[in-house]
1. So which of Asp41, Asp62 is open to solvent by 10 Å² or more (accessible area, probe 1.4 Å), away from the ligand (no atom under 15 Å from the Cβ) and closer than 22 Å to Ala123 by Cβ?
2. Given the conditions (1) within 17 Å of Arg124 (Cα to Cα); (2) within 16 Å of the ligand (Cβ to nearest atom), which single one is not true for Thr158?
3. Condition check: away from the ligand (no atom under 16 Å from the Cβ) and surrounded by fewer than 24 Cβ atoms within 10 Å (Cβ to Cβ). Does Arg132 satisfy that?
4. Consider Gln191 carefully, then state whether it is open to solvent by 70 Å² or more (accessible area, probe 1.4 Å), within 16 Å of the ligand (Cβ to nearest atom), out of contact with any helix residue (DSSP H, G or I) (no Cβ under 9 Å at 6 or more places or on another chain) and not small (Gly, Ala, Ser).
5. Residues Ala8, Ala32: which one is within 13 Å of the ligand (Cβ to nearest atom), assigned to a loop (DSSP other than H, G, I, E, B) and within 18 Å of Lys187 (Cα to Cα)?
6. Only one of these conditions is not met by Gly122: (1) surrounded by 20 or more Cβ atoms within 10 Å (Cβ to Cβ); (2) within 16 Å of the ligand (Cβ to nearest atom); (3) within 30 Å of Asp139 (Cα to Cα). Which number is it?
7. Counting only residues that are polar (S, T, N, Q) and without any contact (Cβ under 8 Å) to a residue 60 or more places away in the chain, give me the strands (runs of 3 or more DSSP E) lying completely in the stretch 97-177 with at least 2 of them.
Amino acid sequence: MQIFIDTADINEIRDLNETGLIDGVTTNPSLAASQGIQFTDLIRQICDIVDGPISAEVIALDAAGMIEQGKKLAGIHENVVIKVPLTVDGLKACYALAEDDIAVNVTLCFSAPQALLAAKAGARYISPFVGRLDDQGWDGMQLIRDIQLVYDNYMFDTEILAASIRHPQHVLEAAKAGADVCTIPPKVFRQLYKHNLTDIGLDAFMADWKKSGLSI
Ligand code: G3P
């Protein structure tokens with residue numbers, strides 16, 4: 001499973017990219033708006049840090065506007081993926097951009113029929129929002145499994161990008177469901193490697209080593 005980082009925070013992206021574990025970045029208008037940097041500059045900076053797909057979302061609501069903004073954003077760097085919302089205009093824009101060989105990430109997906117339409121429109125990624133479904137009392141991870149089944153049935157090559165990830169269990173369940181990508185907020189990414197038994201074990205190893213007087 002590829003790991004994308006779900007943030008527009010340049011410092012976080014730079015820091016986490018040093019792990020060598022980050023395959024790409026997703027942003028959305030809310031995340032970008034919190035940074036106080038001109039949007040195209042922000043995307044350019046992210047592309048300079050991470051060598052992988054970088055999702056940048058359009059803010060137009062009509063297909064023509066999305067296509068225009070999508071082409072502009074795609075011109076920033078070859079790794080830019082255009083994020084469009086799962087509306088009828090978003091699907092039209094997805095189809096048109098994909099025809100132009102521009103990679104599209106269809107976002108705000110909350111049902112498998114929506115995901116089926118995105119795949120038919122030529123999306124490179126579909127972004128089901130797991131956490132927001134859980135928030136409403138639904139089983140967000142079941143959506144990943146349903147989309148996986150539908151895409152397998154028809155051999156769509158649209159990649160399932162599990163989004164709206166809230167905790168490490170979501171990451172594990174996304175991997176078990178066979179999601180192609182999981183986009184993870186920095187806080188959850190750090191929770192993935194952190195374990196108190198690792199810390200306790202390491203402290204004990206270091207204490208024993210110190211007492212021994214051995215060296216490497
Ligand atoms: O970037 C899209 C998605 O991951 C948003 O997550 O936590 O705002 O539901 P969240």
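1. Values: Asp41 fails: closer than 22 Å to Ala123 by Cβ.
It is Asp62.
2. Here Thr158 clears every test but (2).
3. Answer is no for this residue.
4. Answer is no for this residue.
5. Of the residues listed, the single one that is within 13 Å of the ligand (Cβ to nearest atom), assigned to a loop (DSSP other than H, G, I, E, B) and within 18 Å of Lys187 (Cα to Cα) is Ala8.
6. Result: Gly122 fails condition (2) only.
7. Passing ranges: none, list empty.
The values are calculated or read from the model by the stated rules, or taken from the named source; none is laboratory data. Model, not experiment: these values are computed from the prediction. Please note: Cβ atoms are built from the backbone with ideal geometry, for glycine as well, and neighbour counts cover all protein chains shown. Keep in mind that these areas ignore ligands, DNA and RNA; they rest on the heavy atoms of the full protein, side chains included. Shrake-Rupley method; radii C 1.70, N 1.55, O 1.52, S 1.80 Å.
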